[in-house]
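Readers should treat all values here as calculations from the given coordinates under stated rules, not as data from a laboratory. Please read all numbers here as calculations on a predicted model, not as lab measurements.
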Amino acid sequence: MTSLSLLVAPLIALQGVGQAPVAIENDAPETWTLEYPRLIQPFVEDYRRCLSLQLRTVRGEADFESQHRANLPRCADVFDASVEGAASLLARRGEGAEFTAADVREIFEHIGRIHIARGADLDNQFTFLQRSQAAAQEQYEAERPKGLVLELRDASVVKARTDATAEAAQAAYEKREAPNADNQ
């Protein structure tokens, strides 16, 4: 038996009885974790879908947390139905002793807290970008040259460039003037 099969075997066994832990996580800057019985995943997904499909408005200000917070009352019916459905499903399966109705309610309230925390994270990202842009603008204003800046070149450089392009300019002029000479 390999070490990989030792790690995977308990997870497969848990899935078979409907008790595989499921986690919802975010990479950074915080980690949001929620573990619940896999059996109630459809109810969790319904509630999360309701929360995430609400309209968000980008107004140029950091108000995503308040918008996410306002989604909770809008999804109250889905919340109640999900809590009731998940609790009754666990009770019918005989797993109600492990998860009481209060535990199931806490799972769904935690989903709401995660939703609000995601809005706060968006606000933090937005304000970080604003602060970074303001700092970059201040640095540019402090370091930029004052007044008109002219690039002064040595006369020999200018003459060399003029000499290099003089033939091409003369040929283009003659080509452009050639049809005019035929019309006179």
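Using alpha-carbon pairs under 8 Å, 6+ residues apart, how would you state the relative contact order of segment 39-127 in percent? About 45 percent, as a whole number. Length gained on full extension, A142 to S52: 28.1 nm, using 0.36 nm per residue less the C-alpha separation. Under a 5 Å amide H cut-off, with hydrogens placed 1.01 Å from N, Y36 pairs with V22 among residues at least 5 apart or on other chains. Kirkwood radius and radius of gyration were both taken over the C-alpha atoms of segment 39-79, and their ratio Rg/Rh is 1.07.
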